[in-house]
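Visitor: The structure follows.
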Amino acid sequence: MSGAVEALHIYDEHNRPILSHIYTGRPLSAPQLLPLYMSHAQPRPSFIYLPNTSPPTLVFSLIHSNLLFLLTSSSEIEPLLALEFLHRIIDVLEEFVGSPLLAHKVESSYDVVAQLLNEMCDAGAVSTTEPNALRDVVEVEGWLNKLLGGINIPGKTGFASAPSSSNMSAISSTGSLAANTPALPWRRANVRHTSNELYVDIVETLSVTLAPSGRPLAAFANGTIAFTSKISGVPDLLLNISSPSGKQNINSVMQLPVFHPCVRLARWKEKPGEMSFVPPDGRFILAGYEVDLLPFQNGHVGSTNASNLKLPVQVEVKTGLGPTGSDFEVRLFITKVSGQGNSSSSALSSRSSNQLGGRGGFGAQPGTSSTPTLEDLVVTIPLPTDVRNLSEMRASRGDTTYNPGGENLEWHIPAKEAVTGGATLRCTVAGPLVDDEDFESNGFRLDGRYDYDEDTYQSTPAESEKEPLKVDETSNARKVAQNKILMPSSAAVSFSVKGWLASGIKVESVVIDTKKSRGIGEGVKPYKGVKYLTISRGGIEARC
Amino acid sequence: MESVSRISSLLESARELTLDAAQSARSSRSSLKTMSTAQIKKLLDSRNDREVLEGLRRVISMMYRSQPCLPFFSSVVKNVASPNIEIKKLVYIYLLSHAEAEPDLALLSINTIQKSLSDSNAQVRALALKTMSGIRVPVISQIVSLAIKKGLGDMSPYVRKAAALAIPKCYRLDPGTLPQLLEYLGTLLGDKQYFVAGAAVVAFLEICPERLDLLHKHYRGLVKKLVDMDEWSQLATLRLMTVYSRKCFPKRTRRVRKSRRDGTEGFYRDDDDEQEEEEEETGEVVEVLDPDLELLLKSIKPLLQSRNSAVVVAVARCYVNLGTQEYVNSSIGPLIALLRGPQDVQHIALYNIVSVCLTRPEAFVKYASHFLVRATDPSQVWELKLELLTLIFPHCDAYLRSIILNELEHFSGGSDKELVREAVRAIGRCAQSDSRTSARCLRLLLKQITSLDGNLAAESLTVIRHLIQQDPASHTNTVIRLAKNLDTATNPRARASIIWLVGEFSGIDGENNIAPDVLRILAKGFADEAEPAKLQIILLAAKVYLHHLNRSDIQPEVQKSTPESPGYDDLPSMGNEGFRDLDNPLDTTYQAPEPEPEHPIITLWNYILILARYDTSYDLRDRTRLYKALLAVPSSTQLASLMLLAPKPVPHTPSPSESRTGFTLGSASLVVGEEGGVNGLRGFEKLPNWVKPGYEPNPSLRDADVGTVDYDKTRIVPAGERLDSAVRDTRTASPSKTNGFGAAGLGKEKKLEDWLAESEAEEESGEESSEEDAEESEEEESSEEAEEESDDDDNERDSLVK
């Protein structure tokens, strides 16, 4: 009844198997499995059923930084269990062998990986997956070296920037597993740090759909609160969050939240906006939520438009321009967004900004809450497969990339050019080479088609455009019709803004509850930092 | 919830992947230099821990790369006794994967591992237990069983957890150990430590999911521990509890009115449900939840905010299959929240959402904007999203409906052919469900038939045909419009659809119908048509002719008698005679009307018959012959009318996922669908039906647990809140306190239960239960040693029995 995870295979970027861990049963081997997986057309679903193998196999796949992870089972298993487990494996491997996860890193620390995989799943039943708990039971002799060699490049943030001494203590504590009740499954025992730090990173990913009229159909910001805690002992923390409309409304702003098991749900219910928890050591995801940026959409029609959304970039696409309708135009309006305000960071002790650039705090370096900046602005326009080439591309700013016959046109605007104002890109498409003669021979059918159009209810835009043209009317109209299927149907905008959140959510304070906490020395004041980031990965989609 | 790695990569976008890769290429390759077998062996045989470790690392690397490393078996296993824990762990890992191939050598290591079971370090004990049970050498099953028994009484919860996880492994080694294992499970299920109990549930599901009788007295305890368990144990427990509840709590709805209360009370007293009744006071039809079931449903509510998507779906499954409408509604938001996860999770979550949506579409209306298709969605995702949009469509208000239709219209004009096709089908389903918008849907569809893509045109025509069939009366004009389209439509299937429709409407308006005219035009180009269209032309001709006959029949009744007799005479002979009789009846029919100038329809019919007769397609010729025979006798059209003019059933296109409704929410079979077989994938089991009232086990079985229930009655709190008490525990920790015998107070009842259930093993269990009783009373004096002793006794007896 309960399915078992039978094997885990990892392949590198050249699809060479670099690791196969068999948990139970007699699963297919890595080389056998790969061609079966690859035989599915792209994009490959993350869950594939192979009925013709012996035994019939369920394959779950995940691709992370060019590594392909396959997990198999031969009987009914909850697919989400398998996929979540794969995600956890990746998280844990990143934490232990360093991120980004590269094939050679896995290969050079097989001993650690073996222990991890062995602990995470016991003969097919998923068992310990908490990184903190794993640190207690996994021996990592060379961990420190790998950390230094692998990811401690200057300027990096995250837990890699922790002083190495704390990692030392992490190792020395190994083996001294508390003989009796572990207080908290997610926090390892005897945490010691020489410098205590607390960072809150709030990341919101935008997902906005704009109708051809420019009216937003749906606009969501999916938020994630990542927390990094490096505090000795067992700290009890209180994180206060507020929305622009005050603290009472936080529940209506942060919708459908999910929490790390450490968060006390009762407290959140009682006082929304307050998260009280004993954090795991290191970086973890504290909570996730979503914000509907169009809260009154169900109210009714029309009044909302894109500018009400207060997005840093607005986009508009027009197609079928020019005499033959072969042009399309993308317009961007870049506006300045105001930051999250400094009231929050003043409550936090300021930090030396060189250590972690871009964190909220004082100072006017780019990308802080006081001066949010727009970066990585890219407009992606998927083109129909019939488009043979773009004969002309004129961008008022930035540069365009397009390979003839390619699927996408990309328009990059570098950060320094992404200043307030408008920008346009106009392109001319060229369709498949059509022999005019041939086309004419089909003529009666096409003509008939126009007959039909006229006497039925529809009037295509093609026709409305053909009217003003007197000369060559029919041939142009035909071209317009032809070009119509070559027009893109949407454009997606990607960017990132540091120091600004679409939802306007703010961190009011992060406090250590000294009464409930243990093992923190008197008067220890940890460094605190808050970082806001809004990201759109093709998240703003304008239709046309 | 997003994974840490994904968020980290967002936060540190300027990651120098290439730099890292380059750096590593230099450093790592050197260390991976292969060593000869002899060299590695030498390392393994060394006395220096460091060298041994290095050797082991080499072996593990080879193991993971699927290189043969059996030759090292003896050298590796020798190190099992090493006091160095790192060495020990690596040796264990090696043993786990290779012991099966070298069972004899592996046995040599068992003794050492057994010694580790008594190590002072809990981690070592747990590891030893885990390894021992994981070695796939069936001979040692008894030793493993004993080791598990020892582990049960261990002070450290880690060891007890390892013992729980070892149970299914031991069962796989030797199913004959089941009776002992069940006994161990009984103890572990009642363990106070939530993660021990969780592991015990996993083991339970693996070895004896049908033995629900073992669960009764642990039910409340498990439900209360559920929130604190780790996510994977939560999943197992939720799965178990869903089945348990179906089998133990009969579904009751009740009509209660205050005035008639006495009567109902009397009625329900039979069902042993007094407490419930007192709570219930008013209301019309209320689904009555057993208090124990309600306890489960309430206590898993916080899990809807779990970060683990599988847990959220498992709770939803529990609510959908066990709970009332309110509970289901509360799980819908969290299900929608899964859509913001990574794409793989999103995809699977959508299947589950569709599955819930099929039964309760209304509740999803407010989340409509989550289902808008994005240009970046892969086909598997937009398919499900389109389905969701059509499912909720009938329940939306006008504004949302127009948004959904706009959405579908947008995609039906796109360039991705698959997407266009699905969008067209979706429009059809929308129109089907709501007659008011069907005019608009039809307009959208009519746009498509002129499409340059023939398949699309055909697809939309099929959908149009379905729509027209649903309400033929109001669509006569549409048919005329479609008929005009025959000039331009090129796709044979599209043409066939139109022609068929014209045929269906050929009986309306008598002589004014367009059908004969359409037929006339089609007859001109008959030779150029494709086969499907030709078939329909023949059918159309037959219908037109039949209608003509029917009309003319009414007026000249007299004509009837003359041609009838020859027709009937010839008919029976037709089957036997082959081609010859094709001509004979023809002749007779032609001759009959000849005197007068022929009606054009008759001429047309004959012309078509001749055309079809010389067609290359067998099928076409056969059908022609059939129609010809049917209509051979102009005066007797009854049979033909029955066959050709029968009212057609209104087609209903089901939502694509309706075939999956039999599969349980959250299962892989739900995702795979029919491909996995009618009964789902291997290992899939449908949820049992609700137990019939009166057949459920006595609820008082669950009360047996009173002792432990008191212990944490108010503690449905996240583990976080246990911190303080845990802190105190660590200070004052005494061995007896953490001993995990939560079920101590109830040994008696449980044993009785067991005894009843295991009547086949009467003698042994009988002994055991008395043994257990003794053990239990000893334990109540809370003396550690006494228990150890009784353990030993048991061990001895076990080995004697076997």
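Visitor: Pairs B:161/B:224; A:230/B:88; B:524/B:648; A:318/A:416: which exceed 21 Å Cα-Cα?
Guide: Pairs exceeding the cut-off: A:230/B:88; B:524/B:648; A:318/A:416.
Visitor: Using just the alpha carbons, could you tell me how many Å³ per residue the convex hull of the range B:327-410 encloses? Intermediate results must be reported in sequence, preceding the final value.
Guide: Values: hull volume 6.9 nm³, N = 84.
Convex hull of Cα atoms, per residue: 82 Å³.
Visitor: Bin by bin, in steps of 5 Å, what percent of the Cα pairs in the range B:633-675 do you find, going until the bin that has the longest distance?
Guide: Result returned by the calculation: 5, 17, 15, 9, 7, 7, 7, 9, 8, 7, 5, 3, 1.
Visitor: Here's a follow-up. Report, to one decimal in Å, the Kirkwood hydrodynamic radius for the range B:50-97 based on all distinct Cα pairs. Show your work: numbers first, answer last.
Guide: On the way: mean 1/r = 0.0951 Å⁻¹.
So the Kirkwood estimate lands at 10.5 Å.
Visitor: Using +1 at the C-beta of Lys and Arg and -1 at the C-beta of Asp and Glu, which of A:93, A:113, A:67 has the Cα lying farthest in the positive direction of the dipole of the range A:7-129?
Guide: A:67
Visitor: For a footprinting-style exposure proxy, rank A:487, B:643 by other Cβ within 10 Å, fewest first. Spell out each step's value before the answer.
Guide: On the way: A:487 22, B:643 13.
If I rank by nearby Cβ atoms, fewest first, I get B:643, A:487.
Visitor: Another question about this same structure. Taking θ as phi - 60°, what are the ³J(HN,Hα) couplings along the range B:602-613 by the Karplus curve (6.51, -1.76, 1.60), each to the nearest whole Hz, with x for Gly and Pro?
Guide: Taking θ as phi minus 60°, the curve returns 5, 4, 4, 4, 5, 4, 4, 4, 5, 4, 5, 5 Hz for the range B:602-613.
Visitor: Provide the descending list of Cα extents for the range B:148-259 along its principal axes, expressed in whole angstroms.
Guide: 61, 30, 21
Visitor: Further question: Listing B:407, B:675 from the residue with the fewest other Cβ atoms within 10 Å to the one with the most, what is the order? Provide the component values of the computation, followed by the final result.
Guide: Numbers: B:407 24, B:675 10.
Sorted ascending by nearby Cβ count, the order is B:675, B:407.
Visitor: Give a residue-ordered list of calculated ³J(HN,Hα) values for the range A:407-422 (Karplus: 6.51 cos²θ - 1.76 cosθ + 1.60, θ = phi - 60°; whole Hz; x for Gly, Pro).
Guide: 3J(HN,Hα) across the range A:407-422, in whole Hz: 8, 10, 10, 10, 10, 9, 10, x, 3, 6, 8, 7, 9, 3, x, x.
Visitor: List every residue whose amide H lies under 5 Å from the amide H of residue A:76, counting only residues 5 or more places away in sequence or on a different chain, with H placed 1.01 Å from N in the peptide plane.
Guide: So residue A:76 has HN proximity to B:682, B:683, B:684.
Visitor: Which of the three applies to the range B:455-499, rounded, prolate or oblate, going by the alpha-carbon gyration tensor with a ≥ b ≥ c and a/c under 1.5 meaning rounded?
Guide: Values: a/c = 2.74, a/b = 1.43, b/c = 1.91.
It is oblate, given that a/c is not under 1.5 and a/b is not larger than b/c.
Visitor: Residue by residue through the range B:385-400, what is 3J(HN,Hα) from phi via Karplus (6.51 cos²θ - 1.76 cosθ + 1.60, θ = phi - 60°)? Round to whole Hz and write x for glycine and proline.
Guide: 5, 4, 4, 4, 4, 6, 5, 7, 3, x, 9, 7, 7, 4, 5, 5
Visitor: Kindly state, to the nearest 0.05, the FRET efficiency for residue A:475 paired with residue A:389, given R0 = 25 Å and r defined as their beta-carbon distance.
Guide: My answer for the efficiency is 0.70.
Visitor: Just round it to a whole percent: the fraction of Cα-Cα distances in the range B:431-528 exceeding 18 Å. Before the final figure, lay out the partial values.
Guide: Working: 2071 of 4753 pairs.
The proportion of pairs with Cα distances above 18 Å equals 44 percent.
Visitor: I would also like to ask the following. So how compact is the range B:304-354: Cα radius of gyration and Dmax in angstrom?
Guide: 10.2, 31
Visitor: Sorted from fewest to most neighbouring beta carbons within 10 Å, what does the list B:328, A:330 look like? Present the calculation step by step, with values, prior to reporting the outcome.
Guide: Values: B:328 18, A:330 24.
Going from sparsest to densest Cβ surroundings: B:328, A:330.
Visitor: From the residues A:419, A:431, A:405, which one has its Cα farthest along the dipole of the range A:395-435 in the positive direction, the dipole being from +1 and -1 charges on Cβ of Lys/Arg and Asp/Glu about the Cα centre?
Guide: The residue sitting most towards the positive pole is A:419.
Visitor: Please list the equivalent ellipsoid semi-axes of the range A:7-129, computed as the square roots of five times the alpha-carbon gyration tensor eigenvalues, in descending order and whole angstrom.
Guide: Working: eigenvalues 92, 57, 33 Å².
Value: 21, 17, 13 Å, ordered largest first.
Any read-out appearing in this document is the output of simple, stated calculations on the displayed coordinates, not a laboratory observation. Every value quoted in this text rests on a predicted model; they were computed, and no experiment measured them. When we count neighbours, we look across all protein chains shown, and the Cβ atoms used for this are built from the backbone with ideal geometry, even at glycine.
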